[in-house]
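Readers should treat all values here as calculations from the given coordinates under stated rules, not as data from a laboratory. Here the structure is a predicted model, which is why all the values come from computation and not from measurement. Glycine gets a Cβ as well: all are built from the backbone with ideal geometry, and neighbour counts include every protein chain shown.
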């Protein structure tokens, strides 16, 4: 029996996609081979790779002057690749700090950029908010402005795209890319680990404006050089072929759902349902300012934390899995990525009401 | 119908392993989830990860003072990670050049090590040989000696382990790891991309002696820092969970085959059969010195190259796929990794004889 999996990533995938992959796992399209066994340079795989890119471009309406890269190493490796590609060692780069993932990007960025500055820090709110759009003072000579669009642990999501003027805007979209439409042209570079809304862990999507290519500093590993990867169609080294193939299946599934506008409607409805249940209770608490609550990751606590264990055990018995909060913060977290159906959130909300009745 | 797939990587996998993965792809061990959907930090996945490492350690008899890392980015990213971790920018490092992959390692190494020297270069033989063991003069103050144990394109494999004295020996074993027993204690660090003998593309295994950890230079991306990855159990960032799981299935399959001594017997028999067929003909040619012919990758040409197309088309019609040589050299190449059964090589040799009869 399939359960509802609320894990933050690796995360639930569309069952249809899993079944498609399973059906052809040991004989791909009648080739007598698995897709896992096919050379990345074979005509068949190159078609898979190109088709996945085309679908992603269509879904996000990626402008022609952007390159789409399918890489490895997760957002964490991008935390290094971004300064290596976009900033000299002595240059300046601006960062916004809205929580755990911002902090990781900043800590790694400091190893590569002498003039890194945190131009907005939400520490005072305990990372339950984002800065006012008007309060952002980006330095005109910064190589880029970096921010974390959605904090997977804190459950904070920007409701607006910062205006960085002529300074390229760089965004970690790991947990929110493809959850709703995005105006890619506002950004210099966006990136996302796949293991939330794209596909299996081990794939990282980078979308970068062409004029930002070719600036990598000396000492950048070739694999991390965006221009080199773009020139080789993301095949400077052997790419993670199975994850790329699976991402293509996910993109096709998203098209069948009606694209990102349709996903946004469902995702907003899922989030609204859960936040309303939390706010209406005297039993559950979400600390995030309403204007910037994440649609994708909903952390919450019980007013009586000694009930956490019973809550999680009861949820699991009801088929609601992986609701534990991140190990750094405890409590609960429900991740509501694209592949989580509304029915999963309805079941969660029903369980929460029942648990409150019996323990409140 | 399953074909014989002679691709150099991504490459054929054991059918048993593919069927195991397929059987549980949408419901892993009755969990109601796919293994693709499971958090890398879940108890269930941590057990998979630890089990895979234990099996790999057993297969290779890895000594206790070595750490096994499951990383991303392929051998190509290791070409940068190795100097970043083991050598200062002003230090010396020695390399042996036996062909295409050596050259890539050297070119990338030069970006990070001022004092890089190629202490042996097989250019004079057109990369059809390896240096004499006695001729290697490793500099006593080199941070390491790097060599490519098996050249996947050239089909040259070292029949001995170089003696580097007190200088740590670093070896790219991408296309030969697990094909036969290995005395790991002779090495400071070994590494291999998975997509030959280990599992799917997107996973890279690094085995490093503990005393070499903790020396990464400033400016090493955290993801590439072996000590940081070792401290986090290769989970400093989200690992490629599916590839890691598949590698564990491959390791279990290798145990069922009788381990690496048994694989060596089969692999040697496969290689001997094919080389004998080539050498006995007046029609096929392999240029590599007999003492250092690869068991894993057998390049060969036709004396009449205008027949290449007919040969490849005929082979494909006989169920023998992906025999094209690397795009940089042309001709033919048969990769005979662990998962290629003896029956595949017998079928290839039979086809080659028949083709020679009808075209010779």
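Quick one: grab the alpha carbon gyration tensor of the stretch A:133-260, order the square roots of its eigenvalues as a ≥ b ≥ c, and give me rounded if a/c is under 1.5, else prolate or oblate depending on whether a/b is larger than b/c.
On the way: a/c = 2.01, a/b = 1.12, b/c = 1.79.
Oblate, because a/c is 1.5 or more while a/b does not exceed b/c.
Sticking with the crude label model, points 7 Å out along Cα→Cβ, report the distance from residue B:272 to residue A:47 in nm, one decimal please.
If labels sit at residue B:272 and residue A:47, their model points lie 4.2 nm apart.
At residue A:121 and residue B:218, where each label point lies 7 Å from the Cα along Cα→Cβ, what is the point-to-point distance in nanometres?
Reported label-point gap for residue A:121 and residue B:218 is 2.2 nm.
Quick one: length gained pulling residue A:310 to residue A:61 fully straight, 0.36 nm per residue minus the C-alpha distance?
Details: separation 249, 0.36 × 249 = 89.64 nm, distance 4.53 nm.
Length difference between fully extended and current span is 85.1 nm.
Contact order normalised by length for the stretch B:54-166, with contacts defined as Cα pairs under 8 Å and 6 or more residues apart; what percent is it?
Working: 153 pairs, mean separation 30.3, N = 113.
Once normalised by length, the contact order is 27 percent.
I want to verify a result. In a Gaussian network model of chain B, Cα cutoff 10 Å, which of these has the top mean-square fluctuation: B:325, B:219, B:88?
Judging by the Gaussian network model, the answer is B:219.
In the Gaussian network model of chain B, springs joining C-alpha atoms below 10 Å, which of B:186, B:92, B:303 carries the largest mean-square fluctuation?
Maximum among the listed residues: B:303.
Determine the relative contact order of the stretch B:25-256: mean sequence separation of Cα pairs under 8 Å and six or more apart, normalised by residue count, in whole percent.
Numbers: 424 pairs, mean separation 59.8, N = 232.
It rounds to 26 percent for the stretch B:25-256.
Kindly identify chain A as rounded, prolate or oblate by the Cα gyration tensor criterion: order the square roots of the eigenvalues as a ≥ b ≥ c, call it rounded if a/c is under 1.5, otherwise compare a/b with b/c, prolate if a/b is larger, else oblate. Display every interim value, and only then the final one.
Values: a/c = 2.06, a/b = 1.17, b/c = 1.77.
The shape class here is oblate.
What fraction of the DSSP beta bridges in chain A is antiparallel, stated in percent and rounded to the nearest 5? Show your work: numbers first, answer last.
Numbers: 21 of 39 bridges.
Beta bridges within chain A, antiparallel portion: roughly 55 percent.
Springs between alpha-carbon pairs under 10 angstrom, Gaussian network model over chain A: which of A:98, A:301, A:12 fluctuates most?
A:301
Taking the alpha-carbon centroid of each part, what is the distance from the stretch A:1-78 to the stretch B:283-360 in angstrom?
Rounded to whole Å, the Cα centres lie 32 Å apart.
State, to one decimal in nm and shortest first, how far the label point of residue B:51 sits from each corresponding label point in the other identical copies (label point: 7 angstrom along Cα-to-Cβ).
Between copies, matching label points for residue B:51 lie 3.3 nm apart.
Distance between Cα centroids, the stretch A:218-252 to the stretch B:135-153: provide it in whole Å.
If we compute the Cα centre of each part, the gap is 29 Å.
Tell me the mean residue ellipticity at 222 nm calculated for chain A from its helices only (DSSP H runs of n ≥ 4, each -39500 (n - 2.57), averaged over every residue, nearest 500).
Values: 9 runs with 124 residues, N = 360.
For chain A, the value works out to -11000 deg cm²/dmol.
Find every distance from the label point of residue B:161 to the corresponding label point in the other copies (7 Å from Cα along Cα→Cβ) and write them in nm, one decimal, shortest first.
From this label point to the equivalent ones elsewhere in the assembly: 5.6 nm.
Please give the contour-minus-distance gain from residue B:232 to residue B:289: 0.36 nm per residue of separation, less the Cα-Cα distance, rounded to one decimal in nm. Write out the running numbers ahead of the final one.
Working: separation 57, 0.36 × 57 = 20.52 nm, distance 4.40 nm.
Extra length from residue B:232 to residue B:289 when fully extended: 16.1 nm.
Suppose the chain between residue A:15 and residue A:134 were pulled fully straight at 0.36 nm per residue; how much longer would it get relative to their current alpha carbon spacing? Before the final figure, lay out the partial values.
Details: separation 119, 0.36 × 119 = 42.84 nm, distance 4.28 nm.
Difference between extended and current length: 38.6 nm.
Antiparallel DSSP bridges in the protein assembly as shown: what percent, to the nearest 5?
Numbers: 42 of 78 bridges.
The antiparallel fraction comes to roughly 55 percent.
Testing the spin-label approximation: label points 7 Å from Cα along Cα→Cβ at residue A:166 and residue A:23. State their distance in nm.
5.4 nm
By the gyration tensor of its Cα atoms, with a ≥ b ≥ c the square roots of the eigenvalues, what is the shape of the protein assembly as shown: rounded for a/c under 1.5, prolate for a/b over b/c, or oblate?
Numbers: a/c = 1.92, a/b = 1.55, b/c = 1.24.
In terms of gyration-tensor shape, prolate.
Would you kindly work out, in nm and rounded to one decimal, the distances from the label point of residue B:126 to those of the same position in each other copy, ordered shortest first, with label points 7 Å along Cα-to-Cβ?
Computed spacing set for this position: 7.3 nm.
Given R₀ = 56 Å, what would the calculated FRET efficiency be for residue A:89 paired with residue B:354, taking r from the Cβ atoms and rounding to 0.05?
On the way: r = 62 Å, r/R0 = 1.11.
Rounded to the nearest 0.05, the efficiency is 0.35.
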